[in-house]
């Protein structure tokens, strides 16, 4: 029973990460893209309005994933959050600045320029650093005998591979943001035209970076992977590529913004699923020169009682969260109009 619960929560945490990657991904993408596709206050207001009803709810997935990691695998939580302390604080700083700038940007015209800059920076930091962090837990970090991070804070975490994973995550966020902007902005507007013009090259960049990161990971890093999951890894890798290709085709040839956004989202979910299957059962890899071993679900799991109680809570809470998201997205579906900006 203990092994089953450990495996279950390993993949559930990655499911929560996938939910955040997709839902808050386009939020962060909108924030980073806003200076480049919005040319005046009205267009910036349209972009803020497009994510206004959903952005705070989308961030819940990140908080839930962190809480689940703390409760299910406390040793992994302790190592990652202490070793990546400065990076984690920069991510939280970015999210706080983004929230403040989002709220004050619409109601403080005298400081609107500053809030627009903060909105951009507060979106860029999490979008880039989260990918860098994922690259580190996949490639491995130096750990001592106690399982603590033994490297240099922040700068020791930046390598060519982690920079590539950071850029891959950023490009996927930007592509999702462009796809969402194209879906929500008024038909025939210049704002939508700029979003569409950026959507395709960003998806191409994401596709190229995914191929480069995959080759780099397999050839130069080559962590041990569970051979029983080879078929799933191939399937999810194909889905990542297929999702981006379909998004390109339906966006370019059919001019269908909804299908392009859904295909982009499918690719992002498949990317997180590929990461989960590539790491299982490891939560944090250790570099070859580490004194301590890698942190896995077998040496870092909480008690069986804790995992069982968490599973019961999940069965109650997850449906409620999903219902909330369905209601919110259905209520605020459709494109933003000029009348919406008056409310």
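The values are calculated or read from the model by the stated rules, or taken from the named source; none is laboratory data. Computed from a predicted model, the values in this text were never measured in an experiment. Methodologically, a virtual Cβ is constructed for each residue, glycine included, from the backbone with ideal geometry; neighbour enumeration extends over all protein chains shown.
With respect to residue 295, determine if the residue is modelled with pLDDT of 85 or more and in contact with a helix residue (DSSP H, G or I) (Cβ under 7 Å, 6 or more places away or on another chain). Break it down stepwise before answering.
On the way: modelled with pLDDT of 85 or more: yes; in contact with a helix residue (DSSP H, G or I) (Cβ under 7 Å, 6 or more places away or on another chain): yes.
Yes: the conditions hold for residue 295.
Report yes if residue 11 is under 18 Å from the mean Cα position of the chain (by Cα), without any contact (Cβ under 8 Å) to a residue 24 or more places away in the chain and surrounded by fewer than 20 Cβ atoms within 10 Å (Cβ to Cβ), otherwise no.
No; evaluated as a whole, the condition is false for this residue.
Enumerate the pairs (first residue in the range 175-186 and touching a residue at least 24 places away in the same chain (Cβ under 8 Å) and at positive phi; second residue anywhere and part of a helix (DSSP H, G or I) and surrounded by 24 or more Cβ atoms within 10 Å (Cβ to Cβ)) with beta-carbon separation below 7 Å, excluding pairs fewer than 6 apart on the same chain, so at least 6 apart or on different chains.
none
Report whether or not residue 4 is closer than 26 Å to residue 303 by Cβ, assigned to a helix (DSSP H, G or I) and free of Cβ contacts under 8 Å to residues at least 12 places away in the same chain. So that I can check it myself, show each step before the final result.
Details: closer than 26 Å to residue 303 by Cβ: yes; assigned to a helix (DSSP H, G or I): yes; free of Cβ contacts under 8 Å to residues at least 12 places away in the same chain: yes.
When the stated conditions are applied, residue 4 passes them.
Scan the range 307-315 and give yes if some residue there is more than 29 Å from residue 226 (Cα to Cα), over 23 Å from the mean Cα position of the chain (by Cα) and surrounded by 10 or more Cβ atoms within 10 Å (Cβ to Cβ), otherwise no. Spell out the reasoning first.
Start the filter on the range 307-315 by keeping residues that are more than 29 Å from residue 226 (Cα to Cα), which leaves 313.
Pick out the ones that are also over 23 Å from the mean Cα position of the chain (by Cα) and you get 313.
Next, from what is left, pick out any that are surrounded by 10 or more Cβ atoms within 10 Å (Cβ to Cβ): 313.
The answer is yes; a qualifying residue exists.
In this structure, does residue 153 turn out to be buried (at least 23 other Cβ atoms within 10 Å of the Cβ) and either farther than 16 Å from residue 47 by Cβ or at pLDDT below 90 (or both)?
Values: buried (at least 23 other Cβ atoms within 10 Å of the Cβ): no; either farther than 16 Å from residue 47 by Cβ or at pLDDT below 90 (or both): yes.
For residue 153, the condition - buried (at least 23 other Cβ atoms within 10 Å of the Cβ) and either farther than 16 Å from residue 47 by Cβ or at pLDDT below 90 (or both) - is not met.
Return the residue satisfying two criteria in turn: it lies in the range 160-199 and is surrounded by fewer than 23 Cβ atoms within 10 Å (Cβ to Cβ) and in a loop (DSSP other than H, G, I, E, B), and of such residues it is modelled with the lowest pLDDT.
Once the filter is applied, the top-ranked residue is 188.
Taking the condition within 22 Å of the chain's Cα centre (by Cα) and surrounded by fewer than 13 Cβ atoms within 10 Å (Cβ to Cβ), does residue 324 pass?
On the way: within 22 Å of the chain's Cα centre (by Cα): yes; surrounded by fewer than 13 Cβ atoms within 10 Å (Cβ to Cβ): yes.
Considered against the rule, which asks whether it is within 22 Å of the chain's Cα centre (by Cα) and surrounded by fewer than 13 Cβ atoms within 10 Å (Cβ to Cβ), residue 324 comes out as yes.
Output the residues belonging to the range 107-117 that are surrounded by fewer than 17 Cβ atoms within 10 Å (Cβ to Cβ) and closer than 21 Å to residue 36 by Cα. Step through it out loud before you land on a result.
To start, the set of residues in the range 107-117 that are surrounded by fewer than 17 Cβ atoms within 10 Å (Cβ to Cβ) comprises 107-114, 117.
109, 111, 112, 113, 114, 117 - these are the residues of the range 107-117 that are surrounded by fewer than 17 Cβ atoms within 10 Å (Cβ to Cβ) and closer than 21 Å to residue 36 by Cα.
Quick one: which of 136, 116 is touching a residue at least 12 places away in the same chain (Cβ under 8 Å) and within 18 Å of residue 30 (Cβ to Cβ)?
On the way: 136 fails: within 18 Å of residue 30 (Cβ to Cβ).
Result: 116 is the single residue among 136, 116 that is touching a residue at least 12 places away in the same chain (Cβ under 8 Å) and within 18 Å of residue 30 (Cβ to Cβ).
Residues 302, 290, 306, 311: which one is modelled with pLDDT under 85 and either assigned to a loop (DSSP other than H, G, I, E, B) or over 30 Å from residue 258 (Cβ atoms) (or both)?
Values: 302 fails: modelled with pLDDT under 85; 306 fails: modelled with pLDDT under 85; 311 fails: modelled with pLDDT under 85.
Of 302, 290, 306, 311, the one residue that is modelled with pLDDT under 85 and either assigned to a loop (DSSP other than H, G, I, E, B) or over 30 Å from residue 258 (Cβ atoms) (or both) is 290.
Do you know which residues across the range 121-150 are surrounded by fewer than 19 Cβ atoms within 10 Å (Cβ to Cβ) and modelled with pLDDT of 90 or more?
Within the range 121-150, 121, 124 meet the criteria.
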